[in-house]
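Structure first, commentary second.
Nothing in this text is a laboratory measurement; each read-out follows from the coordinates by a stated rule. Please read all numbers here as calculations on a predicted model, not as lab measurements. Virtual Cβ from ideal backbone geometry, glycine too; neighbours counted across all protein chains shown.
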Amino acid sequence: MADKKNPLGPTGIAVSANIKRLREAQRITFAELSRRLTEIGRPIATLGLSRIETGDRRVDVDDLMALAVALDVAPGRLLSPEGFRIELTHEFEVTGMKPVTAERLWQFVEGYWSPNGTGLGFVFRSRPGLGRGLSFDDGERLEIDLDGITVERRVRIDDTGVVDSQTSMMRIPPQQKGGTDGDD
């Protein structure tokens, strides 16, 4: 058999291993997992599941989401190298980035840290709904106004993460918003 044109990378290998680890830890057979997947509308035959676990079949994003539901875990758990038996300071190879610690990987998966060093812009692009009432200045100053609560955050970021951060928050009663309070 010829070498694969595009072999699994470190993340694909982690997904395969995590599916196997989680399935076995929950004592779920291939037949049961296949039944669960069929029930939620993303059927994968037992042979397909076996091939996923051996790395002979890729997992696309729809498969990943369905497998996470069927295994009752967050999708990020399937993406994380070495599953859940890790130290936060352990470094991993992850597709598309330099080796990162487990902690950084979780921050990336959850939308709190960018491997590209883009800081707050990454956070707001990654977390839908967070940008409501948002004013954004060069990635260093952020102001959010949510229903009369203004939060201002100033951050200085380098390639290792947040270096310096200062947050201030104040509540502006609705009657004062946009006007004076009448206590001249």
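Some notes on this structure:
- The stretch 1-65, Rg to Rh (Cα coordinates; Rh as Kirkwood inverse mean 1/r): 0.98
- Relative contact order of the stretch 1-110, pairs being alpha-carbon contacts under 8 Å that are 6 or more residues apart, as %: 31 percent
- Summarised in one figure, the compactness ratio Rg/Rh of the stretch 1-110, Cα atoms and Kirkwood Rh, is 0.98.
- Qualifying chymotrypsin sites (Phe, Trp or Tyr not before Pro) for the stretch 1-100 [loop in DSSP, other Cβ within 10 Å: at most 15]: PHE84
- Karplus (6.51, -1.76, 1.60) ³J(HN,Hα), θ = phi - 60°, over the stretch 47-64, in Hz, Gly and Pro reported as x: 5, x, 5, 4, 5, 4, 5, 8, x, 8, 9, 6, 10, 7, 5, 5, 4, 4
- Cβ-defined net charge surrounding ARG23, 15 Å radius [Lys, Arg +1; Asp, Glu -1]: +3
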